[in-house]
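The values are calculated or read from the model by the stated rules, or taken from the named source; none is laboratory data. All values reported here derive from a predicted model rather than from experimental measurement. Neighbour counts are summed over all protein chains in view; Cβ atoms, including those assigned to glycine, are modelled from backbone coordinates with ideal geometry.
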Amino acid sequence: MPQSLSKVYIHVVFSTKHIQKVIPESLREELQRYIIGCLSNIKSYTEEIYINPDHLHALCTLPRTVTIAQLVSKMKAPSSKWLKTKGIPDFDWQDGYGAFSVSASGINTVKNIFVIKLYTTKIHTLKMSYDKCLKNMVLILMKSMFGIKKKVRLSALK
């Protein structure tokens, strides 16, 4: 079989420089569409994306010829330039990022986290969001690796 196939889902999280709340609500949906376009250009399918005033969450596929670092760069560089043209001249994303693989069975769980974020944007900081994301990933791993069926409280993972 001469072809190569892959379907790898990645949950990417990164913040604005110095975690400043500089992305206005009025640009959020347009910026989300712009980043989806950037990902589409590299053959990455976006399952879900949500941008907060100070950080971004994206659930997308990782194309087989693209590294995680390249994928993140293809999100950050053009969107940073785009935001500068929209009246935020000093805009920059942070240098780092978080990237977590997501199993096919975990996609809906991650999508639900994004939906919850839509309604809790004003009360979550990036650190709280990042910590909760890590805890959710640990829960998903524990359930899949050890066959845990019962509900585990996030507070038990502190």
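What the table shows:
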{"item": "Verdict on Gln70 being free of Cβ contacts under 8 Å to residues at least 60 places away in the same chain, farther than 19 Å from Phe100 by Cα and either crowded, with 16+ Cβ neighbours inside 10 Å or of a type outside the set (Gly, Ala, Ser) (or both)", "result": "no"}
{"item": "The lone exception for Pro78 - which of (1) in contact with a helix residue (DSSP H, G or I) (Cβ under 6 Å, 6 or more places away or on another chain); (2) modelled with pLDDT of 95 or more; (3) buried (at least 19 other Cβ atoms within 10 Å of the Cβ) it fails", "result": "(3)"}
{"item": "The lone exception for Leu5 - which of (1) surrounded by fewer than 18 Cβ atoms within 10 Å (Cβ to Cβ); (2) within 28 Å of Asn108 (Cα to Cα); (3) modelled with pLDDT of 95 or more it fails", "result": "(3)"}
{"item": "Ala99 being out of contact with any Pro (no Cβ under 9 Å at 6 or more places or on another chain), closer than 30 Å to Gln3 by Cβ and not in a helix (DSSP H, G or I)", "result": "yes"}
{"item": "Total residues in the range 88-121, condition modelled with pLDDT of 90 or more, under 17 Å from Thr61 (Cα atoms) and surrounded by 15 or more Cβ atoms within 10 Å (Cβ to Cβ)", "result": "5"}
{"item": "Total residues in the range 33-67, condition touching a residue at least 60 places away in the same chain (Cβ under 8 Å) and assigned to a strand (DSSP E or B)", "result": "6"}
{"item": "Output for the range 73-84, where each listed residue is without any contact (Cβ under 8 Å) to a residue 12 or more places away in the chain and charged (D, E, K, R)", "result": "Lys81, Lys84"}
{"item": "Enumeration of residues in the range 15-26 that are assigned to a loop (DSSP other than H, G, I, E, B) and of a type in the set (Lys, Arg)", "result": "Lys21"}
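Rundown of residues vs (1) surrounded by 12 or more Cβ atoms within 10 Å (Cβ to Cβ); (2) basic (Lys, Arg); (3) in a loop (DSSP other than H, G, I, E, B); (4) touching a Cys at 6+ places or on another chain (Cβ under 8 Å), yes/no style:
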{"residue": "Tyr9", "(1), (2), (3), (4)": "yes, no, no, yes"}
{"residue": "Val13", "(1), (2), (3), (4)": "yes, no, no, yes"}
{"residue": "Arg28", "(1), (2), (3), (4)": "yes, yes, no, no"}
{"residue": "Leu31", "(1), (2), (3), (4)": "yes, no, no, no"}
